[in-house]
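These notes are about the structure you will find just below.
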Amino acid sequence: MKQNWSHIITERKAFIISLLLAAVALLWLAPKAAVNVDEMLHYPHAKKVVNWYFTGGKDASCLDTPVHNLKYYGQSVDNMTALINRIFNIENEFLTRHFTGAFFFWLLLFFAGLLAKELGGSYWVSTIVVLGLLLSPRLFGQAFGNLKDIPFATGYLVAILFIIRFLKQMPQPKWSTTIYLALAIAFTNSVRIGGLVLFAYLAAGLLALIFVKPFLLKYIVSTKSSFVRLSGQFLALVVIGYFLGLLFWPYALQNVFRNPLESLSVMEHYKISIKQIFEGQVKWSTALPWNYLPRWIWISTPEFVLLGFIYFIAFLTYKFTKPVGEQLIYELFALFTMVFPVVYVIIIGSNLYSGIRQMLFVVPLLVVLASVGAFQLLKSSKLKKLKIAGFGLFLVLMGLPIVHQARTFPVDYVYFNSISGGNKSAWSNYEYDYYFHGMKEATDLLIGEIGNEKVTVAMNCQLPNYFEKRDDIDFQFTRYLERSSEDWDYGLFGINYIHPWQLKNDTWQSTQIVKTFYHKGNPLVVLIKRQNKTDLEGIEAIKRREWQKGEKLLKEAIESDPNNVWLFVNLANLKLAQRRYAELDSLLKKGRAIHPYYEPFYLLEAQKFYDQQEFQASLKVLNELLEVNPRYMNAAPLLKKVKDKLDK
C-alpha cells in the first residue's frame, strides 16, 4: 500500500521534530561546552547581585564596579543562574549556566520558527529556520556560555514576533498578545537596556500600518471602546515592558528613570577600549573604522544565509511592482529591525569589538529572512527552471558549516566563510578565539599529564575555574610576551592578542613549547613546560641590582629561548641603566627583529635619547610609539618630561 508521506510528516510535525532533535543536541553538548572569559567576569558579579537581595541591600558591592562597568548590565539570566546555584547549593556552577544557555537558545529556535511561520506562511519555513540557526556557527557556538547576547537575541526576536502579531490584530489586538509583547520587552531590557528600542519599533510599525490602512486611525479615534482598549493596552505595555525589566537589576532600582537611561548611554559609547586585530592590523576598539561591523557580518555569515537573503531581497523588490499590501509591510518591518541596529551603531560610532558578538541579536533575523527567501523561491510558480537549482544550492551550502562544527566544537564559534578565504585566511588577520574556548581541550590534557605533581600553571586569560578542584595546581595570570617575569611551571597560552606581525612571521613561538593545539590547521593554544627558571632569576637579579649575575642569566635564557622578546627588553633595560648605549642599540635591533612593533623597545629608545639630552629625537620616537599604540600609558611620564624640556 502506497504511503502518503505528506500526511505522515506534515509541516507542523517537521517543525516539532526539528525542535526535539535540537533539544537533544543541546542537552548532549551543554556539559561538553567550554567556559569563556566573560563568564569569569559576569558570573562573580551575578553572585554579588544575588547577595544584594539576600542582604536587603547591605552588601552593595554590585553597585561599585569602576573598572568593568558591570553595574550597567541588567544581565538577568546571569543573575538567575547565580540564584539557582545558591538556592540549590549546586557545586558545578558553570554547568548550570551552560544548561541555561542551551534552554534560551532552544527558545530562540522555537520563536524564530514562529516568526518564520508568520512571515512565510508555512511551518516548512520554521523547520528551515531551526536548521539554519543550528548551522550558524557564530551564533550556535556561543549558545552555552554567552548568557547576555543569546538571551538578548531571544528576547529581541520574541518581541519582534509579537509586535507583528499585535499589528496584524489591529485595531483590536488581543490582550494575550499585548501581555506577551510586554513580557518580551521586559525580559530584553532585563538583559541589556538596549531593548528600549522595541518601544520605538512598535510605534514605527503602527505608523507604517496606518500608512497602508489610513482608515484605522479614524476608526480608533472615533470608536470609544477601541480607543479605551488600546489606551489600556499601551499603558500595560509601557508599565510592564519597562518596570518589570528592572526588578532584578540593583543599579536600575536606585533610580528607575535616570539609571537605566544612563546605562543606555554608557552602552552606546562604551569607554573601555580593547585591542583588536582587524584586517591584519592592531587597532583599539574605540578607533575602529566604520566598516568593522559590515566586514565582520560579511566574513562570518554562512554562505547559505547570504544566498537566502539575496533571494529574500529579490522577492521583496518584486513585490514593490504590485500594490503595497499588509504582508509586504510585515516583511519590511522585520528587515528594518535587522538593518536598523547595524546602521545605528555605525552612525553613532559605538565601541564594537570581538567581531559580531555585540550584534548577535540581528543574526537570527537574518537567518529567518534568508529562510523565507529560500522558501519563496521553492514555492515560486514563475521560476520553475531556476527554483530547484536555486533551492538545491541553498541546501548544499547548508552542509558547509556542519563539517566545521563537527571538527571544531567547542571552538566552533570561530568561523569564517569560504567567501572570505575561510579560517586559514582569517588567522592573524582577525580576532580568532577571543573567548579562549580552546583552553578547554588544553587544560583537560594538561591536568592528565600533571598527575599529582604540585605545580603552578600560567595562562594569558582568566580561566582558573579549570583547576578549581585541584588543590595541587595554582593558577597564575600573565601576558604571553611577559611570561618570564612570573613564577610558573606549565603555561597554557592562547594566540589571541599576539601581534599579527609575529604570527605571520613565526617569531612568536617559544622553543619550550611541548604541544600546539590547532583549529582547522591554525595554532590556537600552546602548552609550554618550563625547563628551568633562568629567565625569571635573571629578571629578579636585575631588580636587586645584581647586574652581573642578572646579565649572565638572561643571556643564558636567550640562548635557550631566542624568540623570548621580553628577555631582550629586560637586558636592554640593564644596558640603559649602565649607560652602555651601543649594547642597548644592539639589543633593540635584535629584539625588533622578533617584534618590530613592541612598545617597550620604543620607550627604551626614547629614554636613551632623553638621557643623552637629545629631546627632539626622544619626542620623535615617542610619537612613533603613539602611532603604534595611542593608548600606551607607560609613555605618558616620559612624554611630559620631554615636552617640558622642549618648552623651556
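The numbers here are math on the coordinates, done by the rules we state, and not lab data. Here the structure is a predicted model, which means the values were calculated and not measured. Every residue, glycine among them, receives a Cβ derived from its backbone with ideal geometry; neighbour counts consider all protein chains shown.
The table for this structure:
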| read-out | value |
| --- | --- |
| Distant-in-sequence amide H partners of VAL514 (H built 1.01 Å from N, under 5 Å) | LEU527, ILE528, LYS529 |
| Cα centroid of the stretch 267-287 to Cα centroid of the stretch 455-521, whole Å | 23 |
| Residue-count net charge about PHE315 - beta-carbon cut-off 12 Å; Lys, Arg +1, Asp, Glu -1 | +4 |
| Whichever lysines have a C-alpha closer than 30 Å to that of LYS552, once near sequence neighbours (fewer than 8 apart) are set aside | LYS454, LYS515, LYS529, LYS533, LYS543, LYS575, LYS589, LYS590, LYS608 |
| ASP444 versus SER586: modelled label distance in nm, points set 7 Å from Cα along the beta carbon direction | 5.0 |
| In order through the stretch 484-490: 3J(HN,Hα) via Karplus (6.51 cos²θ - 1.76 cosθ + 1.60), integer Hz, x for Gly, Pro | 6, 8, 10, 9, 8, 10, 10 |
| Amide hydrogen neighbours beyond the local backbone of ALA458, cut-off 5 Å, H modeled | GLN476, ASP489, TYR490, GLY491, LEU492 |
| Whole-angstrom gap from the stretch 315-352 to the stretch 221-235, using each part's C-alpha centre | 29 |
| In sequence order, calculated HN-Hα J values of the stretch 22-36 (Karplus, 6.51, -1.76, 1.60; Hz; x Gly/Pro) | 5, 4, 4, 4, 5, 5, 6, 7, 3, x, 9, 6, 8, 7, 9 |
| Candidate lysines - alpha carbon under 22 Å from LYS319, same-chain residues fewer than 8 apart omitted | LYS117, LYS168, LYS213, LYS379, LYS382, LYS384, LYS385, LYS387 |
| Residue-count net charge about TYR415 - beta-carbon cut-off 14 Å; Lys, Arg +1, Asp, Glu -1 | +1 |
| Helix-derived mean residue ellipticity, 222 nm - over the chain, DSSP H n ≥ 4, -39500 (n - 2.57), to 500 | -19500 deg cm²/dmol |
| The chain: angle of helix 175-191 to the longest principal axis, Cα-based, in degrees nearest 10 | 0 |
| The stretch 106-184, relative contact order in percent, only Cα pairs under 8 angstrom and at least six apart counted | 27 |
| Karplus 3J(HN,Hα) series, Hz, for the stretch 599-605 with 6.51 cos²θ - 1.76 cosθ + 1.60 (x for Gly, Pro) | 4, x, 5, 5, 5, 5, 5 |
| Folded to 0 to 90 degrees: helix 326-348 orientation relative to the chain principal axis, Cα | 20 |
| Percentage relative contact order, the chain, counting C-alpha pairs under 8 Å, at least six apart | 12 |
| Packing-based order for 263-273, 131-141, using average beta carbon neighbours within 10 Å, highest first | 131-141, 263-273 |
| Alpha-carbon centroid distance for the pair the stretch 50-104 / the stretch 427-454, whole angstrom | 26 |
| Answer label for Rg and Dmax of the Cα atoms in Å (calculated), chosen among (1) 26.5, 82; (2) 28.4, 102; (3) 28.1, 92 | (2) |
| Helix 565-577 axis, angle to the chain major axis (alpha carbon atoms, nearest 10°) | 40 |
| Hits among lysines - C-alpha to C-alpha of LYS58 under 21 Å, sequence gap 8 or more where chains match | LYS47, LYS48, LYS71 |
| Built amide H within the under 5 Å cut-off of TRP284, gap 5+ | GLN276 |
| Cα gyration tensor shape for the stretch 219-354, rounded if a/c is under 1.5, else prolate or oblate | oblate |
